[in-house]
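See structure below.
The values are calculated or read from the model by the stated rules, or taken from the named source; none is laboratory data. All figures in this text were calculated on a predicted structure; none of them were measured in a lab. Note: ideal-geometry Cβ built from the backbone for every residue, glycine included; neighbour counts use all protein chains shown.
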Amino acid sequence: MTGQIILNKQKRCQWRAYIWILPAFALLAVFCFYPPVYAIALSFSDSDGVTFGNIVGFANFASVLGDGMFWKSMGNVFIITIAGFLTGHVANILLAELLFHLRNKLAGSVYRFLFVVPLVVPGIVGMMIWQRIVFTPETTGLVNQIVQMFGGSAKGWYSDEKMVMLTIILTGFPWGGGTTMLIYLAGLQGIPPELADANKLDGLGAWKQVFTMHLPLMVGQLKYFLVTGVIQGLQNFNLQLIITHGGPGVDGASNVPGYMMYDYAFMQSKYGISCAIGTVMFIITLVLTVINRRIGKNAEEVF
């Protein structure tokens, strides 16, 4: 009898807990769950953004998948995402390794602070600096001045169809610092000192320790950044919106799916097609995330 009374009290407490989290769940449902569900519904309509419009079935998806510009934009975002992941994370891992092996702790604290300071600068400011000072104008831009010093000719980096993708990848050089570097540094600091000492006794040099101990023990961080990098890469279109506008040229030399969504929705009022692009991107992201989780799980089991 006593056990039954205790069980009934526990059930009542559980219901009270559900009541307490109900407001938070309601806010999530309204602001996080409802918009994407409604967007998927719009992808099956010819909505103009004001009214839901008529149901058109899979016509929007057929239009998107049959559009050569969409596949070109997918190729562009694939290149930008892969290049951004490699350059950004290689730079941050190297930076974290340097800070981790820095013997002067005070200097290490100062450097960590300095590498995080750029985060307070809005991203749009950084883009405008790269556009207005580093790459353009053609005669006085910093990069063009350096190129001309070595006998080269000035280029319109963002306005040249052949150079725009390389320019987008180079924007933000040297790619180091910020929270990414801090997370990698925290991963290195979490390695047991006994393990590091054992590797030193085995005669492993600094580079061998990086590949045989540090990277395998940071699989969790790498997996996290791979997932978030793919998601952010597919969604990001800041440079296209601010600088290139999907161009230069009519062939969409720098176009990406995110900018196509923006263009269809806010420039052409074709919300149905815009939401169809978003739904396709969601499916691609979901598939890549599942594959990454499987690969990451296998990697953790190996190490």
Q | Single residue of Gly249, Gly258 found to be touching a residue at least 60 places away in the same chain (Cβ under 8 Å) and buried (at least 20 other Cβ atoms within 10 Å of the Cβ) | A | Gly258
Q | Enumeration of residues in the range 210-221 that are under 17 Å from the mean Cα position of the chain (by Cα) and either free of Cβ contacts under 8 Å to residues at least 60 places away in the same chain or outside the structural domain of Thr87 (by TED's automatic domain parsing) (or both) | A | Gln221
Q | Candidates Asp48, Asp160 - the one that is in the same structural domain as Val227 (by TED's automatic domain parsing) and within 24 Å of Tyr259 (Cβ to Cβ) | A | Asp48
Q. Can you name the residue in the range 57-84 that is of a type in the set (Val, Ile, Thr) and buried (at least 18 other Cβ atoms within 10 Å of the Cβ) and is also nearest to Met261 (Cα to Cα) among such residues?
A. Val64
Q) If you go through the range 253-272, how many residues are touching a helix residue (DSSP H, G or I) at 6+ places or on another chain (Cβ under 6 Å) and under 30 Å from Ile55 (Cα atoms)? A) 12
Q. Where in the range 85-176 are the helices (runs of 4 or more DSSP H), entirely inside, with at least 1 residues that are in contact with a helix residue (DSSP H, G or I) (Cβ under 7 Å, 6 or more places away or on another chain) and over 24 Å from Val230 (Cα atoms)?
A. 105-116, 142-149
Q | Scope the range 223-246; condition surrounded by 18 or more Cβ atoms within 10 Å (Cβ to Cβ) and more than 13 Å from the chain's Cα centre (by Cα); matching residues | A | Leu239, Gln240, Ile243, Thr244, Gly246
Q: Determine the pairs where a residue that is under 30 Å from Val227 (Cβ atoms), located within the range 180-207, has a partner that is small (Gly, Ala, Ser) and not in a helix (DSSP H, G or I) with Cβ atoms under 7 Å apart, the partner being 6 or more residues away or on another chain.
A: none
